[in-house]
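The values are calculated or read from the model by the stated rules, or taken from the named source; none is laboratory data. Everything numeric here is computed off the predicted structure, so don't read it as measured data. Virtual Cβ from ideal backbone geometry, glycine too; neighbours counted across all protein chains shown. SASA here: full protein model, heavy atoms, side chains in, ligands and nucleic acids out. Shrake-Rupley method; radii C 1.70, N 1.55, O 1.52, S 1.80 Å.
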Amino acid sequence: MTATTPAPSVPDIPARLHRGRPRIAAIAWRLSRPGGQSAAAVVLPVVAFAITTALLLTVLGGTMMFVRTGLGDPDLAVYPILAGFAVALLVVPLVSLGGSAARLSARRRDDRLATLRLIGATPAQVARITVLEATAFALAGALVGAVLYLAATPAVGLVRFFGEPIGAGSLWVGLGPLGLVVAGVVLVAAASAALGLRSVVISPLGVRTKASAPRMHWLRAVVAVAVVAVVVVGMQNLTLFGQFGGMLMMVAAMLVAFAVVLAVLGLLGPWLIGVVARAQLRRARTASALIAARTVLESPKALWRQVGGVAMACFVAVVAGSGLALAGVAGGEMEAELVEDMHTGVWITLVMSFLMVACSVGVNQAAQILDRRDLYVGLDRLGTPRSVMEAARVRGIVGPLLTVVVSAVIAGGLLVLPLLGIAIVVAPATILTLLLVFAVGVGLVVAGLVASRPVLSAVLAAPERV
Amino acid sequence: MTPSILTAHRLLKSYDRAPAPALDEVSIQVAAGESVAIMGPSGSGKTTLLHALAGIVPVDAGQVTFHGPTGAVEVSSLSESRRSALRRDHFGFVFQQGLLIPELTAVENVSLPLLLAGYRRQDAESRAASWLDALGLAGMGGRRIGELSGGQAQRVAIARAQVTGASIVFADEPTGALDSATSVEVLDALLGSTVGQGRTLVVVTHDEDVAARCARIVRLRDGRIRDDSAPRGAAATGGPRFAGAGWSADEDGSL
Ligand SMILES: Nc1ncnc2c1ncn2[C@@H]1O[C@H](COP(=O)(O)OP(=O)(O)O)[C@@H](O)[C@H]1O
Ligand SMILES: [Mg+2]
């Protein structure tokens, strides 16, 4: 139903198509012209690419700084390793943010492109229009992002490492890498637009004709829980590994345990989101709770892609946070400065991943409102209060987000149960800070949701005839 | 004479970039329990009139008055949120595309207006289910909208429009996207559940067969009423007579 309403600017295109060879660039331009409220459809992907690029450059700048420092001073060799670990944690949310941007720039066009197909444009023409457009959006976004990154360095430079603010200059990646990042973002966007296109090219009619919500098998959960249990038991007996294989064996066992739990989280995440949503569906008393639960159940995997990016960071934050709390209290063994820097690193990684998820949620939500414009307009006409639509949107994201955060925290907590227990007793401030950072993170994501609110207002203020 | 339930007086409405007004001094009275078809060429202002009558779009001049169960309300002077509440509480809507929420089941879609009105979910769903039964969708309440045919989905939309006991149902080309056999079914359901129950129906349509079954046809052209009369031939019957049991959904007494 939502997929079939043609955009108002389309009807005059057939004439052009009939008149010999249409100029692809001209059609692309006509389709992307911001007409009134659909300006958001052009601005949004550009903003999404800009934020992706800016965050990517900032992370890269920070990592390069640590690598430089580590190479320069053997005493600081641990920094690049830790930074590499942080980057690994940020890759997932960053890729998912970039993916949203790419999907957004292609998907927003689905309806119009489907219309183009219906009126006889060849698949090749449709493909060229989409890829051209996505590339243009990505290029504009990446350039804006580079400027954003530069503008943000003074503020980011205030972060303290090695006992002093790192300074804006130390985050500069250099002209070459800057160009590479911009080119990379554009390339990935073009490629994913070309890939995402197939569904439209294959079926010109309705992209959203799915009839039934997918279900996931409970066996997944059983296997996952069993694996986690084995890992937890293994962790409790970590010293056994130490007795058999020495320190190296112990570290290896810990790394394997980490990797396994992270993999399990990825496997379990969508399923857990679905289970919680199903429980919420049963308990729903209000229209917004009902709509939110059903929306989540429609595609737990899509929601995992949006919010799952924080899972790993939350998990690691609990594990590392507990360890660091104890190290800070014990003192001596590790340098106080290193412990402090590791704290900073944990907070930054955590906040960054929440920030990326917040951006991706904002972008995805805005896209969703535009995609389902006629449904929102219809609900408004029936007299559905704005507050109900907003509440459904917020619940639909915050529910899965809390599911992810809480289960990652529990998994991390189980893994280091004795450590965490001691940390709570001897270093409550650190644990409180950790909780505070979680709260700030969830707040950031809600802010991302709120940021997409004007899009709904615009849609409802100027409803096209549906 | 039957009392009016809705009166519109000299409505004027122009859109920003349009050369001519979409509504040009339109006045109309709708009697309680009446069925009115609004016809006219594309762009003649049918949808705009329907939206103005239902308080969806504000008019530039003129008044719309709804003589509801709690007295007369001047729709055109209400704030946006009051109009929204009025639509929710007293009006029902059926659009060309049902605009049902695809993630929800049929029963959940129909129960939505009741939830918004503060009903308990269980009550809302059982009432919604009896409306679906009455409209020939027994046993399909658990299906999602994508699992229903166009005609079935449209009947779900009709159930949703009726479930709160709306005194007027507004329909904009409710059969516009359906084949003719399905159109007849949907129209039967629409007429039977509105005028068949003493409620009022205002329906915009292109289809002379649809209009012919209404008590009155209002013809628009260029934003003005050109003709307002009963359809040629027989007086409208208000649709088929339904077996009594089918329509008892809202007289159930259980709510
Ligand atoms: N949102 C709008 N913005 C600008 N013009 C509009 C809008 N809605 C309707 N119109 C114009 O108002 C006139 C009446 O439209 P409408 O009421 O939709 O006619 P109908 O439903 O009879 O086809 C048309 O000329 C149409 O182009
Ligand atoms: Mg119309």
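Residues whose amide H lies under 5 Å from that of B:VAL94, counting only those 5 or more places away or on a different chain, are B:PHE170, B:ALA171, B:ASP172; hydrogens are built 1.01 Å from N in the peptide plane. Computed from backbone phi, the HN-Hα couplings of region A:224-233 come to 4, 5, 4, 4, 4, 4, 4, 5, 4, 4 Hz, rounded to whole numbers (Karplus: 6.51 cos²θ - 1.76 cosθ + 1.60, θ = phi - 60°; Gly and Pro given as x). Helix B:121-134 and the long axis of chain B differ in direction by around 80°, with both axes built from C-alpha atoms.
Per-residue Karplus couplings for region B:31-46, computed as 6.51 cos²θ - 1.76 cosθ + 1.60 with θ equal to phi - 60°, are listed in order as 7, 4, x, 8, 10, 10, 9, 9, 10, x, x, 4, x, 7, x, 4 Hz, Gly and Pro entered as x. Excluding ligands, DNA and RNA, the accessible surface per residue across chain B is 41 Å² with a 1.4 Å probe. Rounded to 0.05, the FRET efficiency of the A:LEU435 and A:ALA194 pair, given R0 = 56 Å and the Cβ-Cβ distance, is 0.80.
The relative contact order of chain B comes to 25 percent, based on Cα pairs under 8 Å that sit 6 or more residues apart. Across region A:293-388, Cα pairs under 8 Å and at least six residues apart give a relative contact order of 31 percent. Applying 1/(1 + (r/R0)^6) with R0 = 56 Å to the Cβ-Cβ distance of B:ARG10 and A:VAL351 gives a FRET efficiency near 0.40. Remark: the A:LEU417-A:VAL256 segment gains 56.2 nm on full extension, using 0.36 nm per residue and subtracting the alpha carbon distance. Taking the longest Cα principal axis of chain B as reference, the axis of helix B:106-116 is set at about 70 degrees. Within the shell of other residues whose beta carbon sits under 12 angstrom from the beta carbon of B:ASP60, the net charge comes to -1, with Lys and Arg scored +1 and Asp and Glu -1.
Calculated mean residue ellipticity at 222 nm for chain B: -9000 deg cm²/dmol, from DSSP H runs with n ≥ 4 weighted as -39500 (n - 2.57), summed, divided by the residue count and rounded to 500. Hey, for a label at B:ASP60 modelled as a point 7 Å past Cα toward Cβ, could you say which residues of region B:209-226 have their backbone N under 13 Å away? Those under the cut-off are B:223. Simple rule: put +1 on each Lys or Arg Cβ and -1 on each Asp or Glu Cβ in chain B, find the dipole, and look at B:VAL57, B:LEU11, B:PHE170; the Cα lying farthest toward the positive end is B:LEU11.
The label point for A:VAL230 and the one for A:LYS301, both projected 7 Å from the Cα toward the Cβ, are 2.5 nm apart. Karplus-based coupling profile of region A:449-455, in residue order and whole Hz: 5, 4, 5, 8, 4, x, 5, with θ = phi - 60° in 6.51 cos²θ - 1.76 cosθ + 1.60 and x standing for Gly or Pro.
With the simple spin-label model, which puts each label point 7 Å out from Cα in the Cβ direction, the A:LEU267 to A:SER387 separation comes to 4.5 nm. Against chain B, whose longest principal axis is taken from its Cα atoms, helix B:150-162 shows a tilt of about 80°. Computing FRET efficiency as 1/(1 + (r/R0)^6) for A:ASP73 and A:VAL159, where r is the C-beta to C-beta distance and R0 is 22 Å, gives about 0.70. Each label point was placed 7 Å from the Cα along the Cα-to-Cβ direction; for A:ILE119 and A:LEU175 their separation is 4.6 nm.
Maximal additional length on extending the A:ALA168-A:LEU281 stretch stands at 35.8 nm, based on 0.36 nm per residue less the C-alpha distance.
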